[in-house]
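The values are calculated or read from the model by the stated rules, or taken from the named source; none is laboratory data. From a predicted model like this one, the values you see are computed outputs, not experimental measurements. Glycine also receives a Cβ, built like all others from the backbone with ideal geometry; neighbour counts cover every protein chain displayed.
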């Protein structure tokens, strides 16, 4: 979840809302890659989730990173709730999932170095206090009551509201993890093409990165339970967004969509003011019940945009949101997959050709089928395994065309970061399949063995 945004001063014209998004347009040479990933922390002896405070806790990890690895603290209500350094942030998801929001970087090589450094630092602190971290799409054993709610005002407000608008909102907050990548666009037309490809192919990412076949100690019947959870969260702010594929879509149409998403809060002077279910349109007119007579700033608009949760979304960049959290090498594979598809025009055109004939029903059915069956999904004559093979091949073409070298020039491009995905395509197995094989094989149904076998 996002930290409070700094978007700017008073909103005096409706046009400023779309202009805020358009300000994200950058020339190609300035396009960057921002990778985010979440992981679950647990006590090694009890295998229980970490509380916020205590000798073995989220707070102890944050303090260790602050004191031992040079991170600056982020404080809310007197509580240490995050860290910042060199353009990156470490933040807490509602159930204590630790998230790295990486700095905007030029290459996947740099992104992977950042991920590696972060996980090494976290492991250094975790080993000292007897805790571990694991990358999965959903908590495999823990119940809702076992998961603490972190001391952030945003989460306290969301927790109650989630129970009113869907059936799995609090499950999403406490017991899911994702890996995401944030990418730039050059113009409104470029944003439109990229967002359409991102939404249409998000089920491919869901299938390739599916890594949550267990929940509350049982096989749940889905390769990606995390994806299933998001489908029952809040219809007003999730989904595949058919309007994005309509003629005339652009920044202004996104504004109209976001204005119709009910608000969560307004952030003022370090406090989250309850605006649950209220209208940003009313806020623009000075009629918000939570702050009568007050009108919003661009910072309020930036905050509101972080409460929209479709499979891909735009702010001043595009977020890819369809993948489960997972093992170390797949944390670099996700940005590689999307950069290859979106940052080379030939690859982007090929990706659009792949999906442009689908209707909204097909896109939505692919989303559902990917969460259930992974690469074995089949929808309206579309075989997910074949589709993933084509998408990864296009991504590889795009990465070759970028020709961004690494390792001091010893590695000619970024294509090797796709190797984990190419292996899945060769075998038909994604991480969820590997977990199920262990569960039904050498683990003999003992799900606690997932921690020793798959922690960072």
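Miscellaneous remarks
- Residue that is nearest to residue 342 (Cα to Cα) [pool: residues in region 279-305 that are part of a loop (DSSP other than H, G, I, E, B) and touching a strand residue (DSSP E or B) at 6+ places or on another chain (Cβ under 9 Å)]: 296
- Inter-residue pairs, beta-carbon under 7 Å, first without any contact (Cβ under 8 Å) to a residue 60 or more places away in the chain and in region 97-122, second in a helix (DSSP H, G or I) and surrounded by fewer than 23 Cβ atoms within 10 Å (Cβ to Cβ), 6+ apart: 121/65; 121/69
- Odd one out for residue 62 among (1) buried (at least 18 other Cβ atoms within 10 Å of the Cβ); (2) within 19 Å of residue 134 (Cβ to Cβ); (3) touching a helix residue (DSSP H, G or I) at 6+ places or on another chain (Cβ under 8 Å): (3)
- Scanning region 430-442 for residues that are surrounded by fewer than 16 Cβ atoms within 10 Å (Cβ to Cβ) and part of a loop (DSSP other than H, G, I, E, B) turns up 441, 442.
- Selection within region 321-332: residues that are at pLDDT 95 or above and outside any helix (DSSP H, G or I). The member of this set that is farthest from the chain's Cα centre (by Cα) is 326.
- Among the residues of region 9-35, those identified as farther than 29 Å from residue 344 by Cα, touching a residue at least 60 places away in the same chain (Cβ under 8 Å) and surrounded by fewer than 14 Cβ atoms within 10 Å (Cβ to Cβ) are 9, 10, 14.
- Residue among 266, 229 that alone is over 22 Å from the mean Cα position of the chain (by Cα), at pLDDT 95 or above and either surrounded by 16 or more Cβ atoms within 10 Å (Cβ to Cβ) or not in a helix (DSSP H, G or I) (or both): 266
- With respect to the stated conditions, residue 53 is in contact with a helix residue (DSSP H, G or I) (Cβ under 7 Å, 6 or more places away or on another chain), farther than 22 Å from residue 114 by Cα, surrounded by 13 or more Cβ atoms within 10 Å (Cβ to Cβ) and without any contact (Cβ under 8 Å) to a residue 24 or more places away in the chain.
- Leading residue by the ranking (nearest to residue 244 (Cα to Cα)) among those in region 259-276 that are in contact (Cβ under 8 Å) with a residue 60 or more places away in the chain and touching a helix residue (DSSP H, G or I) at 6+ places or on another chain (Cβ under 7 Å): 259
- For residue 319, the criteria (1) touching a strand residue (DSSP E or B) at 6+ places or on another chain (Cβ under 8 Å); (2) farther than 21 Å from residue 177 by Cα hold in every case but one, which is (2).
- In region 198-209, the count of residues that are in a loop (DSSP other than H, G, I, E, B) and under 15 Å from the mean Cα position of the chain (by Cα) is one or more.
Yes/no matrix, rows are residues, columns are (1) in contact with a helix residue (DSSP H, G or I) (Cβ under 6 Å, 6 or more places away or on another chain); (2) under 19 Å from residue 334 (Cα atoms); (3) without any contact (Cβ under 8 Å) to a residue 24 or more places away in the chain:
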site: 351; (1), (2), (3): yes, yes, no
site: 362; (1), (2), (3): no, no, yes
site: 368; (1), (2), (3): no, no, no
site: 404; (1), (2), (3): no, yes, no
site: 408; (1), (2), (3): no, no, yes
site: 443; (1), (2), (3): yes, no, yes
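- Verdict on residue 12 being at pLDDT 95 or above, touching a helix residue (DSSP H, G or I) at 6+ places or on another chain (Cβ under 8 Å) and in a loop (DSSP other than H, G, I, E, B): no
- Residue in region 55-75 that is nearest to residue 272 (Cα to Cα), counting only those that are touching a strand residue (DSSP E or B) at 6+ places or on another chain (Cβ under 9 Å) and outside any helix (DSSP H, G or I): 75
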